[in-house]
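Reading through the structure tokens given below for one structure.
The values are calculated or read from the model by the stated rules, or taken from the named source; none is laboratory data. Just so you know, these numbers come straight off a predicted model, no measurement behind them. Methodologically, a virtual Cβ is constructed for each residue, glycine included, from the backbone with ideal geometry; neighbour enumeration extends over all protein chains shown.
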Ligand code: ASP
């Protein structure tokens, strides 16, 4: 029997650390080391391992991920596993999902517990990721599943997975939708297919304009009694700050404190500005509340409605749209499809 050909691309992260002389964990392991630590992989797949970088995911950039997507798009394999740090996995997986449209499984995995600890989770997560990539149901539905994250024996859609805890082992979840599949014994148990119309529509818009220059997006989170000084800086000094767009982590169904509304409106007139729920995703309101700080007023004032996307994912989508040179109206249309 021919085994599926799986490419493992290692970026770095806790999964790839080893202790230095002081005992502090430093980046050090490459893709070959990660694969060699899990002999059972050889029974599942013909693995080809490549070290792309040895950096913590908190230091990855959009340019790294665009280069990675270009590499993945050109691979002649049956599945791809990306290993990286957990800190930005919820963003990098979504960016890859926006940039790739392949009919093979593409899976991102990582580790919460480093290799020097008792029971590190990296080897188990890598084995699970390869098992998922080789699974017949996953392979048959690869395009419909999109890019996936595999952590602690669960499979998540890239658009929905969130890091929900900074340190514990079960740090990942998809609170709005739940997992796509679970690993039990040596089986992958399918649970759901993701709803991907909005991502497919985004692909159509983004594909026509691949490449492009970095387009920094400011992320402003609204807390109780936010005075709006950061927004003020954005509207008063747009050239000095260099942001090309903004995401507002808004309250409730899409609200901001009334005192900042004039600033937010000026910002929306200056830069594509997306309103996204600080509650962590989930569809927002469109036509319930009245008054100057309501969703009705903000939408009328030209704020782009971020739909069900978490603010971090909205920021990734906005950067990708701006980098691709999409107009404000097309960007609004791309976001609108997210509900
Ligand atoms: N700071 C690390 C990283 O994201 C943490 C981890 O991998 O869990 O690279």
Those residues of the range 1-18 that are surrounded by fewer than 19 Cβ atoms within 10 Å (Cβ to Cβ) and either within 15 Å of the ligand (Cβ to nearest atom) or under 13 Å from residue 125 (Cα atoms) (or both) come to a total of 1
Given (1) away from the ligand (no atom under 13 Å from the Cβ); (2) at negative phi; (3) not in a strand (DSSP E or B), index of the condition residue 23 fails: (2)
Against the definition (at pLDDT below 95 and out of contact with any helix residue (DSSP H, G or I) (no Cβ under 6 Å at 6 or more places or on another chain)), how does residue 252 come out, yes or no? no
Where residue 1 falls short, out of the listed (1) modelled with pLDDT of 95 or more; (2) outside any helix (DSSP H, G or I); (3) within 23 Å of residue 77 (Cα to Cα): (1)
I need the full set of residues from the range 26-54 which are within 13 Å of the ligand (Cβ to nearest atom) and either free of Cβ contacts under 8 Å to residues at least 24 places away in the same chain or loosely packed, with under 15 Cβ neighbours inside 10 Å (or both), in order please. 26, 28
Output yes when any residue across the range 56-69 is modelled with pLDDT of 95 or more, touching a strand residue (DSSP E or B) at 6+ places or on another chain (Cβ under 8 Å) and either within 12 Å of the ligand (Cβ to nearest atom) or within 26 Å of residue 201 (Cβ to Cβ) (or both), and no when none is. yes
Can you pull out the residues in the range 81-96 that are part of a strand (DSSP E or B) and either away from the ligand (no atom under 11 Å from the Cβ) or under 11 Å from residue 69 (Cα atoms) (or both)? 81, 82
For residues that are in a strand (DSSP E or B) and in contact (Cβ under 8 Å) with a residue 12 or more places away in the chain, scanning just the range 188-203, find the one that is farthest from residue 314 (Cα to Cα). 188
Looking at (1) part of a loop (DSSP other than H, G, I, E, B); (2) modelled with pLDDT of 95 or more; (3) surrounded by 13 or more Cβ atoms within 10 Å (Cβ to Cβ), which one does residue 183 not meet, given that it meets all the others? (1)
Look at residue 82 and say whether it is touching a strand residue (DSSP E or B) at 6+ places or on another chain (Cβ under 8 Å) and in contact (Cβ under 8 Å) with a residue 60 or more places away in the chain. yes
For residue 307, state whether it is in contact with a helix residue (DSSP H, G or I) (Cβ under 8 Å, 6 or more places away or on another chain), closer than 18 Å to residue 160 by Cβ and at pLDDT below 95. yes
Suppose the filter is under 21 Å from residue 303 (Cα atoms) and touching a residue at least 60 places away in the same chain (Cβ under 8 Å); does residue 217 pass it? yes
